[in-house]
1. Can you give me the distance in nm between label points at R310 and E33, each placed 7 Å from the Cα along the Cα-to-Cβ direction?
2. Please enumerate, by chain and number, the lysines with C-alpha under 25 Å from the C-alpha of K228, excluding those fewer than 8 residues away in the same chain.
3. Report the calculated FRET efficiency for E80 and L206 (r = Cβ-Cβ distance, R0 = 35 Å), to the nearest 0.05.
4. Which order do the peptides 160-168, 231-239 come out in when sorted by mean C-beta neighbours inside 10 angstrom, highest first?
5. How high is the FRET efficiency between L259 and A318 when r is their beta carbon distance and R₀ equals 35 Å, given to the nearest 0.05?
6. For the chain, what's the relative contact order in percent, using C-alpha pairs closer than 8 Å and at least 6 residues apart?
7. Treating the beta-carbon of each Lys and Arg as +1 and of each Asp and Glu as -1, no other charges, what is the dipole magnitude of segment 166-321 about its Cα centre, to the nearest 20 debye?
8. Sum up the charges of everything whose Cβ sits under 14 Å from the Cβ of A5, counting Lys and Arg as +1 and Asp and Glu as -1, but leave A5 out.
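Values in this text are rule-based calculations from the coordinates and carry no lab data. Computed from a predicted structure; not experimentally measured. When we count neighbours, we look across all protein chains shown, and the Cβ atoms used for this are built from the backbone with ideal geometry, even at glycine.
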Amino acid sequence: MAEKARIAVLISGAGTNMAALVYASRMADSPYEVALVASNNPDAAGLALAQAEGIATFALPHKGMTREAHDAAMEAAVIEAGAEYIVLAGYMRILSDAFVARWEGRMLNIHPSLLPLYKGLDTHARAIAAGDSHGGTSVHLVTPELDGGEVLAQIAVPITPDETPASLAERVKLAEHQLYPRAVADYVSRWRDPAALLARVRALALALPETDERESHGSPGFRVGGEKSGKYFAYFADQHHGSPHIACLVRTGGMDELLSLVEGQPEVYFKPAYYGASGWVGIILNRPGVDWDAVGEWLERSWRGAAPKRLTRLMDVADAF
Ligand code: GAR
């Protein structure tokens, strides 16, 4: 089994979701382990449980601190613990934009509603007052918009006739304790799953004009220019020729550019076998926190290099405005 991903769990209160995450991580096939439990509330009940479980803890009240300073101290503890992901579990603090930006794609939250319904507080009371048939819970990626990031998983929970916010909250938590460990496990495994990575590359490549997919030497390849005269602008390489990387190969401006990319950011770029000799670079995809916008930009640039004039001319005209 591959090394386990390390997560830091941030809590403010009871920490029952944190406990569910911890106990799920104790199962042999868990792809993650809890490296730290941190709280803005030194009295959070969950901290004692984490300590009893032998997990590192960190507590720092936010009172009297700026949001930025408090976030920075929490983040320092997360980094010190060697965590690659931050998992918010009832962490009742709004985070500063810079902190969120630094962890984008590596920070998850659980929210007690069926998002996009009822962002913010008092979710259960609002669902009951609206006469909804169901409340529920959502796991989502954290972005600067409060409770607005991509939803990864949800469970709906029926609202009974004499439901109160407290009774609904209690049942939703039971659902959360099932949902969160599974959603975290799936998410931290996603970046090593070749099928998931290929699906993302494929979606970006085939969104470009006049593209198709054709296998080349056993790898998925992406071409532009039509069935007969199409030219390859990208390949998907799954640990080829003894390489540990799952990668997207795209064309650079030449050997100088290729080498400076590989020397400057060896965690992102490598020189692939065979293709490297003609100036193609490999963008490493099996690592946490891949910048998929950057992958998209590389694909577009490589597409431009291979596309017939009649297609690029239109793009150049558009760019001039
Ligand atoms: C959970 O129900 C979680 O969804 C909610 O707080 C509760 C924490 O319980 N989170 C939010 O409302 C975030 N806006 P726990 O401390 O027992 O895990």
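1. The modelled label-to-label distance comes out at 5.9 nm.
2. Counting by Cα, and skipping residues close in sequence, K228 has these lysines nearby: K309.
3. Working: r = 42 Å, r/R0 = 1.21.
Efficiency, from the Cβ-Cβ distance: 0.25.
4. Most protected by this proxy first, the peptides run 231-239, 160-168.
5. Values: r = 32 Å, r/R0 = 0.91.
After rounding to 0.05, the efficiency reads 0.65.
6. Values: 566 pairs, mean separation 37.7, N = 321.
This gives 12 percent for the chain.
7. 320 debye
8. Cβ neighbours under 14 Å give a net charge of 0.
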